[in-house]
């Protein structure tokens, strides 16, 4: 496992940013500024889900709650997470997306990641085919793993029009 994490760190560390943004996975965003105390006894050392949103292409900026679908663009569902611990933490992200009044959905998708100490960043998956369905889309992202509890999730909705 340590070799896998080392190799992944080496591969992602050597890749250029424009190649990294074109893929699904975990992306470095920055570190928690020194002096900010966000730890509490209820979740000390855990990775927290902070936000779930949609982005387009390689731009990490969240789209507004109502946006126009542009054919030919790639849309991603991002779960923004933070590791407030001073240790590397392994965690899993679960992605859920529902459309058409909840009648249809993206099958629950899970990926395992590792977060460096004092890390903030996002994990993403491609949801272009689901955004193309248009209408009200419900998003849910959840971070889970050993000792992280079962309420560590974030939800949002977007309206996509033609």
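A short reminder: the numbers here are calculations on the coordinates, not readings from a lab. Keep in mind it's a predicted model, so treat the numbers as computed, not measured. Backbone-built Cβ (ideal geometry, glycine too); neighbour counts: all protein chains shown.
Placing pseudo-labels 7 Å out from each Cα toward the beta carbon at residue 138 and residue 161 gives an inter-label distance of 2.3 nm.
Between residue 58 and residue 112, the contour length at 0.36 nm per residue exceeds the Cα-Cα span by 17.3 nm.
Placing dummy labels 7 Å off each Cα toward the beta-carbon, the span from residue 67 to residue 50 is 1.9 nm.
Ratio to report: Rg/Rh of region 50-158, with Cα atoms as the point set and Rh obtained by the Kirkwood method; give two decimals.
Rounded to two decimals, Rg/Rh equals 0.98.
If a spin label sat at a point 7 angstrom from the Cα of residue 105 along the line to its beta carbon, the backbone N atoms of region 117-134 nearer than 19 Å would be those of 125-134.
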